[in-house]
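Comments concern the structure below.
The values are calculated or read from the model by the stated rules, or taken from the named source; none is laboratory data. Keep in mind it's a predicted model, so treat the numbers as computed, not measured. All Cβ positions, glycine included, derive from the backbone under ideal geometry; neighbour counts span all protein chains shown. Heavy atoms of the whole protein, side chains included, go into the accessibility calculation; ligands, DNA and RNA do not. Shrake-Rupley method; radii C 1.70, N 1.55, O 1.52, S 1.80 Å.
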Amino acid sequence: MLLVLVLLICSLGVLEIYSATLSTKFMGVHLKQVYWILGGVGLMFVVSFLNYQAVLERVPLLYLISIASLIAVEVFGKKYLGARRWVQLGSFHFQPSEWVKLVLILAMAKYFADTKSECTAQDIVKAGALVGVPMLMVLVQPDLGTALTYIPIAIMGLFLGGMKARHALVILVLGALLAPVGWHVLKPYQRDRLTSFMEPEADPQRHGYQVIQSLVAVGSGGIFGKGTAHGSQTQGQFLPVPHTDFIFAAFAEEHGFLGAMGLLLLYFIVLMRLIQNAQTAPDRAGAFVVMGVVAVLAFHVLVNVGMVVGFMPVTGIPLPLMSYGGSSVLFMFLALGIVMNIRMRRFVN
């Protein structure tokens with residue numbers, strides 16, 4: 001059932017990528033997306049037959065490899081639109097920061113599964129360092145959107161690990177105190193993105209352009225939508241990157257309120273299915289892994305959809321399984337493969 005739901009979302013994504021890229025320089029990339037999905041399904045089945053407990057035992061090695069891959073981005077990475085995020089492997093541009101999410105999910109699960117006592121301040125510091133090191137390396141690229149997706153992994157791990165309320169309060173206070181420092185560390189365009197969504201009309205031609213065009217696209221879809229390849233904002237190329245970050249806006253314009261709600265319902269059912277798998281996991285580590293996947297998937301959907309409708313800043317976080325991109329698709333299918341792996345072993349002692 002999980003695979004059927006995921007493939008249904010992917011199919012809607014391919015359809016929208018095809019529609020959004022008609023008569024553009026990106027025309028035909030929907031076929032590449034199909035190849036990524038097929039490759040992802042293959043990887044998912046391979047991973048599902050591995051012993052996830054054996055994978056968890058190799059987390060230290062995987063973590064070191066992930067750090068090395070982020071270093072490789074700085075040394076050998078290709079710079080595109082002012083950011084160095086990809087390593088070119090033949091004709092494929094690999095984004096290591098995507099697969100690092102999966103390693104962090106496994107690392108948090110391994111750490112807290114091995115910690116039998118309650119979550120102490122020392123555990124919080126160690127877990128923060130586990131996530132913080134790669135997060136800072138991704139921020140340097142710079143890739144604020146992907147770096148932010150590491151935060152829900154840490155939060156979910158600490159929450160399930162039994163973090164006390166007073167420790168959570170201390171973290172919130174420290175976060176509030178360090179926020180001004182973080183604000184000054186951000187690049188000017190990143191600060192503009194974080195503020196422009198609150199009043200996009202103040203700069204409609206530059207920083208507020210994406211949000212305004214997205215809102216127009218979503219609103220013009222009405223109840224039933226304008227139909228595939230008939231969206232005025234999408235086909236008129238007013239909507240920026242409609243096949244990646246703003247694919248939900250293009251989908252809402254062409255399929256309307258009912259289509260958008262149907263898509264969100266599919267994501268909700270997938271999340272509920274994943275939570276059910278966490279409840280039936282054979283051990284504590286398995287439950288932690290599945291809930292880590294839930295945290296990342298839910299964060300992606302909430303932030304991307306919130307960005308599209310003007311409730312969240314534009315951070316470049318794609319919509320999982322729908323937005324065009326090989327690294328993102330492969331990460332999701334690898335994560336789902338581990339979830340299937342855990343579910344298949346729910347009756348194993």
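Within region 253-283, the only residue that satisfies the criterion of being open to solvent by less than 70 Å² (accessible area, probe 1.4 Å) and free of Cβ contacts under 8 Å to residues at least 12 places away in the same chain is 262.
When the residues of region 324-349 are narrowed to those that are part of a loop (DSSP other than H, G, I, E, B) and closer than 26 Å to residue 283 by Cβ, which ends up modelled with the lowest pLDDT? Spell out the reasoning first.
Step one: filter region 324-349 for residues part of a loop (DSSP other than H, G, I, E, B), giving 324-325, 345-349.
If we keep only those that are closer than 26 Å to residue 283 by Cβ as well, we get 345-349.
Values: 345: 83, 346: 77, 347: 71, 348: 64, 349: 54.
The extreme case among them is 349.
Being aliphatic (A, V, I, L, M), free of Cβ contacts under 8 Å to residues at least 60 places away in the same chain and not in a loop (DSSP other than H, G, I, E, B) holds for only one residue in 289, 301, and it is 301. Looking only at residues in region 202-225 that are in a helix (DSSP H, G or I) and out of contact with any helix residue (DSSP H, G or I) (no Cβ under 7 Å at 6 or more places or on another chain), the one that is modelled with the lowest pLDDT is 202. A single member of 154, 165 is open to solvent by less than 90 Å² (accessible area, probe 1.4 Å) and either under 21 Å from residue 79 (Cβ atoms) or more than 22 Å from the chain's Cα centre (by Cα) (or both), and it is 165.
Checked against the criterion of being polar (S, T, N, Q) and within 12 Å of the chain's Cα centre (by Cα), the candidates 277, 304 yield just one match: 304.
The residues listed here are 301, 296, 314, 270; of these, the one that is modelled with pLDDT of 95 or more, in contact with a Lys or Arg (Cβ under 8 Å, 6 or more places away or on another chain) and under 30 Å from residue 160 (Cα atoms) is 296. The residues in region 6-37 that are open to solvent by less than 50 Å² (accessible area, probe 1.4 Å), out of contact with any His (no Cβ under 8 Å at 6 or more places or on another chain) and of a type in the set (D, E, K, R) can be counted, and the count is 0.
Would you mention how many residues in region 113-131 are in contact with a helix residue (DSSP H, G or I) (Cβ under 8 Å, 6 or more places away or on another chain) and either more than 29 Å from residue 190 (Cβ to Cβ) or surrounded by fewer than 17 Cβ atoms within 10 Å (Cβ to Cβ) (or both)? Outline the logic, then answer.
We begin by selecting, within region 113-131, every residue in contact with a helix residue (DSSP H, G or I) (Cβ under 8 Å, 6 or more places away or on another chain); these are 113, 115, 119, 121, 123-124, 126-128, 130-131.
Going one step further and asking which of them are either more than 29 Å from residue 190 (Cβ to Cβ) or surrounded by fewer than 17 Cβ atoms within 10 Å (Cβ to Cβ) (or both), we end up with 113, 115, 119, 121, 123, 126, 128.
Qualifying residue count for the region: 7.
May I ask you to list the residues in region 124-136 that are touching a residue at least 40 places away in the same chain (Cβ under 8 Å) and either more than 21 Å from the chain's Cα centre (by Cα) or within 24 Å of residue 307 (Cα to Cα) (or both)?
Here is the first cut: in region 124-136, the ones touching a residue at least 40 places away in the same chain (Cβ under 8 Å) are 124, 130, 133-134.
Once the filter is applied, which keeps residues that are touching a residue at least 40 places away in the same chain (Cβ under 8 Å) and either more than 21 Å from the chain's Cα centre (by Cα) or within 24 Å of residue 307 (Cα to Cα) (or both), region 124-136 yields only 124.
For the residues 211, 218, the requirement of being over 24 Å from residue 139 (Cα atoms) and surrounded by 13 or more Cβ atoms within 10 Å (Cβ to Cβ) singles out 218. All of (1) open to solvent by 90 Å² or more (accessible area, probe 1.4 Å); (2) within 30 Å of residue 242 (Cα to Cα) hold for residue 178 with one exception: (2). Pairing residues of region 160-180 that are in a helix (DSSP H, G or I) with residues that are open to solvent by 70 Å² or more (accessible area, probe 1.4 Å) and of a type outside the set (Asp, Glu), at Cβ distances under 9 Å and at least 6 apart in sequence or on separate chains, gives 160/284; 168/159. Check whether at least one residue in region 227-240 is buried (at least 18 other Cβ atoms within 10 Å of the Cβ), part of a loop (DSSP other than H, G, I, E, B) and at positive phi, and report yes or no. Checked region 227-240: no residue is buried (at least 18 other Cβ atoms within 10 Å of the Cβ), part of a loop (DSSP other than H, G, I, E, B) and at positive phi.
Those residues that are farther than 23 Å from residue 216 by Cβ, part of a helix (DSSP H, G or I) and open to solvent by 50 Å² or more (accessible area, probe 1.4 Å), I need them from region 181-200; list them, please. Full working, then the answer.
Narrowing region 181-200 to residues farther than 23 Å from residue 216 by Cβ: 181-188, 190-191.
If we keep only those that are part of a helix (DSSP H, G or I) too, we end up with 181-185, 188, 190-191.
Residues satisfying the conditions are 181, 183, 184, 185, 188, 191.
Here residue 341 meets each of (1) out of contact with any Phe, Trp or Tyr (no Cβ under 6 Å at 6 or more places or on another chain); (2) open to solvent by less than 30 Å² (accessible area, probe 1.4 Å); (3) over 21 Å from residue 154 (Cα atoms) with one exception, condition (1). Tallying residues that are of a type in the set (D, E, K, R) and assigned to a helix (DSSP H, G or I) within region 245-270 yields 2.
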